[in-house]
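The values are calculated or read from the model by the stated rules, or taken from the named source; none is laboratory data. Given the structure is predicted, the values throughout are model-derived calculations rather than measurements. Every residue, glycine among them, receives a Cβ derived from its backbone with ideal geometry; neighbour counts consider all protein chains shown. Surface areas here come from the heavy atoms of the whole protein model, side chains and all, with no ligands, DNA or RNA. Shrake-Rupley method; radii C 1.70, N 1.55, O 1.52, S 1.80 Å.
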Amino acid sequence: MATKSSTRAPGKPLTEKELLAMPEKDYMNDAQLAFFRERLHQLEHEILTNAGATTENLRETQYVPDPADRATIEEEHALELRTRDRERKLLKKVQQSIARIDAGEYGWCEETGEPIGIPRLLARPTATLSLEAQERREMRQKLYGD
C-alpha cells in the first residue's frame, strides 16, 4: 500500500480535485483512506444530528384543533419519519464502511476484488461494489426479482 505523497503537508486533508488527480498506483493509500474516513464520519454526524432534531421536533408537537392543520402536521411528521428511516439504513452502511476502512477492505469490490474507483466512492462513499458489479446485480434483480 502506498503512503502519502511527499508534496503534501502532513495532516492536511486532500481535496476532491487532488484525490481525482492521484495516479492509479496510489489507489486507497493512507491519504485517500483518511479522506474517506473523514467524509464518512461527517455523514455519520449529520445523520445523528438530524435524528436528534427529529426527536425534539416530535416532542414539541402541540395540539391543534383544526383537522386540516392537524392532518398537515401529521403528514409532515410521517414524511420526516420516513426520511429518518432511510437515514437509519444509511447510518448502518456508513458505519460498515468505516469498519471496512479499519479492516483494509474499503474501496475494493466485495464481488470481484477490483477497485471500486475514486469517482464512484466520491458519489457514493458507502459503495461496496464496482459499477460493473452493481449493474450486474441490478440486472439479476430485474430478471429474477431477487
Self-check item: From His45, His41, residue being in a helix (DSSP H, G or I), exposed (fewer than 12 other Cβ atoms within 10 Å of the Cβ) and under 13 Å from the mean Cα position of the chain (by Cα)
Solution: His45
Quiz item: Taking segment 48-98 on its own, how many of its residues are among the β-branched types (Val, Ile, Thr) and either loosely packed, with under 12 Cβ neighbours inside 10 Å or farther than 25 Å from Pro125 by Cβ (or both)?
Solution: 6
Practice problem: Could you list, in sequence order, all residues of segment 118-146 that are in a loop (DSSP other than H, G, I, E, B) and among the acidic types (Asp, Glu)? | Solution: Asp146
Exercise. Take segment 125-143 and flag every residue that is touching a Cys at 6+ places or on another chain (Cβ under 6 Å), over 19 Å from Lys92 (Cα atoms) and free of Cβ contacts under 8 Å to residues at least 24 places away in the same chain.
Key: Ser130
Quiz item: How about segment 105-117: which of its residues are assigned to a loop (DSSP other than H, G, I, E, B) and either free of Cβ contacts under 8 Å to residues at least 40 places away in the same chain or open to solvent by 60 Å² or more (accessible area, probe 1.4 Å) (or both)?
Solution: Glu105, Cys109, Glu110, Glu111, Thr112, Gly113, Glu114, Ile116, Gly117
Practice problem: Working carefully through the options Arg37, Arg88, Arg70, Arg82, find the one that is at pLDDT below 90 and among the charged types (D, E, K, R). | Solution: Arg70
Quiz item: For segment 123-133, does any single residue satisfy the condition of being surrounded by fewer than 16 Cβ atoms within 10 Å (Cβ to Cβ) and under 12 Å from the mean Cα position of the chain (by Cα)?
Solution: yes
